[in-house]
Amino acid sequence: MWGGRFSSAPAAIMEEINASIEFDKRLGPQDVRGSLAHVAMLAEAGIVEKADAARIAEGLRQIAGEIENGEFQFSRALEDIHMNVESRLADLIGPTAGRLHTARSRNDQVATDMRLWVRDAVDDLDGQLAALQHALATRALEFAGAVMPGFTHLQSAQPVTFGHHLLAYVEMFGRDRSRFIDARRRMNECPLGAAALAGTSFPIDRHQTAAALGFDRPTANSLDSVSDRDFVLETLSAAAICAVHLSRFAEEIVLWATPQFGFVRLSDAFSTGSSIMPQKRNPDAAELVRGKAGRVIGALNGLLIVMKGLPLTYSKDMQEDKEGAFDAIQTLSLCLAAMTGMVQDLTPNLPAMRKAAGSGYATATDLADWLVRVLGLPFREAHHVTGRIVGLASEKGVGLEKLSLEAMQSVEPRITQEIFTVLGVEKSVRSRVSFGGTAPANVRREARRWLRKLERNDRAGA
């Protein structure tokens, strides 16, 4: 492609380090889409004869079919997806293919291809996240009143419901979706026509190509157009945060599935066995989701390091934006599918959750609140009184609801029989009616709200 300037072929090791076709071939559909929009604009602007443009477009559509059907022969000697497509086009229509590259460079071409690919990937991830939210909200509604322990420091803190716990992740994944949507909105500008770095002297219409490719507008500065990959970084940042959320939930599933917790059971579909211990049921799907978060986070870190020292404009370092991004998005997509399956599949052990919710004096805060609400104690004094009562119950080896009224009155004489109306775990969760609280009525309302919202968005996108 640059034989006019060079008199010999590159060294074998140069070809090895320089070629990108092994991974950027997945940009084939986007590359053809960009070329079709570009040649249509060239014809409309009178830069290429309409007959030539029609032949080019016909050849590109044939190439698109070959790529889709797996029939396209990629050549490593042609270095990248752009030259592979252009070479095949020349095979099909002859020298006229050379007119396609008028008023563009591989620099703006790859920036456009990558934006198209990332934009498509974000749309797919949004659909997967919505499906996961729907699965979580459905199970939350099913188990809105199922009591389980809530934890701080992985110690029993206060009773909550299983439905409330699941809705926490619905909220997290909702924010993940908003981050992806924000990234998509900012990336939706078209670099095509920025050429190598300075624009072009041909009378091109960049607004036409931007509109044809579904972009909101063309990018405003030719230098910036070809030299930044912040749209990839922002998408990887959203992906890394999402992967962390998935990893946290996966860690909880791993813990809950142990005999020590015994809160949930995953079916054979999402479990594996041991080659030596026949009794084992390992939650490997959850463990892999937890582990794969590192790959997504690593892709973000890798590209940040690539970009941090690059002067304007394009440098070949930026070829390193693809493999990490491709792998991270594919990994996140797989993890979302696995987590959705696990949420739909898992069976909660409600008696085990209920028993654990009552351990560790989890209703102590309810006792302290009662002392404030009924007896008028300042909360700090109520906290102190409650602590002494918990200590007394611990000495006697009983839960707070089993401690006698006389024992409580030995610490605070004004306590009455009414105290027992707040000490059961079911009573505790029912009382948490503040906005965002764990009361089953709240959980049912929020789960239904989310399901309506998700179903409304599905209909709007259909």
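Counting each DSSP H run of 4 or more residues in the chain as -39500 (n - 2.57), what helix-only mean residue ellipticity at 222 nm follows after dividing by all residues, to the nearest 500 deg cm²/dmol?
Helix-only estimate at 222 nm: -20500 deg cm²/dmol.
Name the residues whose placed amide hydrogens come within less than 5 Å of the amide hydrogen of V264, ignoring near sequence neighbours (fewer than 5 apart) on the same chain.
Those qualifying (amide H under 5 Å, at least 5 residues apart or on another chain) are A257, N349.
Taking the Cα centre of each part, how many Å lie between the range 353-418 and the range 270-315?
Comparing the Cα centres of the range 353-418 and the range 270-315, I get a distance of 46 Å.
Note the count of lysine pairs whose C-alpha atoms are less than 27 angstrom apart in the chain, limited to pairs 8 or more residues apart or on different chains.
Close lysine pairs under the 27 Å cut-off: 15.
How high is the relative contact order of the range 1-124, given as a whole-number percent (alpha carbon pairs under 8 Å, six or more residues apart)?
So the answer I get is 34 percent.
Ignoring any ligand, DNA or RNA, what whole percent of the accessible area of the chain comes from carbon and sulfur when the probe is 1.4 angstrom?
53 percent
Output wanted: per-residue J couplings in Hz (rounded whole) for the range 144-157, from phi through Karplus 6.51 cos²θ - 1.76 cosθ + 1.60, θ = phi - 60°, x for Gly and Pro.
So the Karplus estimates, Gly and Pro as x, are 4, x, 7, 7, 8, x, x, 10, 10, 6, 6, 10, 4, 10 Hz.
How far apart, in nanometres, would the label points at L304 and L334 be if each is projected 7 angstrom from Cα along the Cα-to-Cβ direction?
With each label point 7 Å from Cα toward Cβ, the separation is 2.4 nm.
What helices in the chain pass both tests, a Cα length along the helix axis of 30 Å or more and a mean Kyte hydropathy of -1.0 or higher, using whole DSSP H runs?
106-142, 162-187, 230-256, 284-307, 321-345
What residues of the range 8-48 lie in the reach of a label at D205, counting those whose backbone N is under 20 Å from a point 7 Å from the Cα along Cα→Cβ?
Within reach of a label on D205, which here means backbone N under 20 Å from a point 7 Å along Cα→Cβ, the range 8-48 contributes 33-48.
Once you have the Cα-Cα distance between V372 and R445, take 0.36 nm times their residue separation minus that, and quote the gain in nm to one decimal.
Roughly 23.4 nm would be gained on extension.
Calculate, for A198 and A90, the FRET efficiency according to 1/(1 + (r/R0)^6) with r their C-beta to C-beta distance and R0 22 Å; round to the nearest 0.05.
Once rounded, the FRET efficiency stands at 0.25.
Toward the positive end of the charge dipole of the chain, about the Cα centre and with charges on Cβ (Lys, Arg +1; Asp, Glu -1), which of A140, F215, N188 goes farthest?
Result: A140.
Taking amide hydrogens as modeled 1.01 Å from N in the peptide plane, which residues meet the under 5 Å criterion relative to C190, leaving out close sequence neighbours?
For C190, whose amide H was placed from the backbone, the distant partners under 5 Å are R217, T219.
What is the set of long-range amide H partners of A157 at a cut-off below 5 Å, with H atoms built 1.01 Å from backbone N?
Those qualifying (amide H under 5 Å, at least 5 residues apart or on another chain) are G150, F151, T152.
Using θ = phi - 60° and the Karplus curve 6.51 cos²θ - 1.76 cosθ + 1.60, what whole-Hz ³J(HN,Hα) does each residue of the range 257-266 get, with Gly and Pro shown as x?
Once rounded to whole Hz, the list reads 7, 6, x, 5, 8, x, 7, 9, 10, 9.
Grab the beta carbon distance between D317 and H383, set R0 = 51 Å, and tell me the FRET efficiency rounded to 0.05.
FRET efficiency, D317 to H383: 0.30.
Can you compute 3J(HN,Hα) from phi for each residue in the range 402-412, using the Karplus curve 6.51 cos²θ - 1.76 cosθ + 1.60 with θ = phi - 60°, rounded to whole Hz and x for Gly and Pro?
The phi angles translate into 9, 6, 6, 4, 4, 5, 5, 5, 5, 9, 9 Hz.
The values are calculated or read from the model by the stated rules, or taken from the named source; none is laboratory data. Just so you know, these numbers come straight off a predicted model, no measurement behind them. Because the Cβ atoms are built from the backbone with ideal geometry, glycine has one as well, and the counts that use them run over all protein chains shown. Note: areas computed on protein heavy atoms with side chains; ligands, DNA, RNA excluded. Shrake-Rupley method; radii C 1.70, N 1.55, O 1.52, S 1.80 Å.
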